[in-house]
Amino acid sequence: MRNPIDRLFGRLPKPARVALDWTLTIIGAIAIVLAIKAWVVNPYRIPTSSMEPTLHCARPSPGCEARFSDRVLADRVIYHFRDPRRGEIIVFNTPPRARQVCESSSGSSVFVKRLIGLPGETIHEDRQGFIWVDGKKLNEPYIQADRRRADSPNFNKTWHVLKGEYFFMGDNRASSCDSREWGSVTRANLIGKVFMTYWPPNRISFH
């Protein structure tokens with residue numbers, strides 16, 4: 001059975017048909033990779049210390065604990081089939097307000113943070129740095145005790161999450177410029193759920 005190249009370009013010399021076959025194969029492979037990145041899975045680098053130590057950024061940036069920045073994969077499809085869930089680490093487009101407020105956001109088109117507040121909820125951070133959602137204390141095993149800071153200007157503050165929006169915080173609460181500073185994020189700004197750290201090799205893990 002003749003392949004499509006032979007059927008369509010049978011009059012070309014064999015070397016030309018082989019070269020054309022390879023060219024189309026390479027173009028097709030590139031198109032598939034780009035399509036996967038655009039609609040299915042995309043890699044991201046952790047640029048700041050806001051998610052330390054869950055996700056590392058690289059020294060010498062302030063607060064970073066690792067030599068190499070963690071690289072993560074985000075599922076860009078999942079939120080087409082279900083709503084985001086509290087506790088998930090999510091990649092989202094940097095809100096305009098965050099570009100103005102957060103010094104570390106300069107030049108960064110996306111943020112990677114943990115989803116804390118869902119649409120319609122009331123979020124409160126008490127004087128010890130613990131989070132309360134609609135009056136119930138949130139269990140956060142991913143937060144280390146020394147990552148909460150007693151002199152934070154956000155302590156003892158309350159925020160209400162609007163309908164269709166989501167409230168994000170970094171795991172490194174003392175060094176995270178997040179929704180406490182610039183507000184909640186619309187559903188349209190969410191890119192995808194972080195499901196894996198794939199680099200460096202000693203940091204490979206699923207989230």
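Starting at the first residue of the stretch 196-204, write each ³J(HN,Hα) from the Karplus equation 6.51 cos²θ - 1.76 cosθ + 1.60 with θ = phi - 60°, in whole Hz, x for Gly and Pro.
Per-residue couplings from phi come out as 7, 9, 10, 8, x, x, 6, 10, 4 Hz.
As an exercise, identify the trypsin sites (Lys or Arg not before Pro) in the stretch 56-104 lying in DSSP coil whose Cβ has no more than 16 other Cβ atoms within 10 Å. Can you show the working numbers first?
Values: sites: R67, R71, R76, R82, R85, R86, R97, R99; in loops: R67, R76, R82, R85, R86.
Those that pass, being in a loop and sparsely packed, are R67, R82, R85, R86.
Using alpha carbon centroids, what distance separates the stretch 161-196 and the stretch 71-137, in Å?
2
So what is the diffusion coefficient of the stretch 59-207 in µm² per second by Stokes-Einstein at 25 °C and 0.890 mPa s, using a Kirkwood Rh over Cα pairs?
Details: Rh = 16.1 Å.
So the translational diffusion coefficient is about 153 µm²/s.
So what does K136 come to for accessible area, using a 1.4 Å probe and Å² rounded to 10?
Its accessible surface works out to 150 Å², give or take rounding.
What distance in nm lies between label points placed 7 Å from Cα along the C-beta direction at N139 and K163?
Rounded to a tenth, the inter-label distance reads 3.2 nm.
Using a 1.4 Å probe on the protein heavy atoms, what percent of the accessible area of the stretch 146-207 belongs to carbon and sulfur?
The computed percentage sits at 54.
The values are calculated or read from the model by the stated rules, or taken from the named source; none is laboratory data. No experiment lies behind these values; they were computed from the predicted model shown. Glycine also receives a Cβ, built like all others from the backbone with ideal geometry; neighbour counts cover every protein chain displayed. Surface areas here come from the heavy atoms of the whole protein model, side chains and all, with no ligands, DNA or RNA. Shrake-Rupley method; radii C 1.70, N 1.55, O 1.52, S 1.80 Å.
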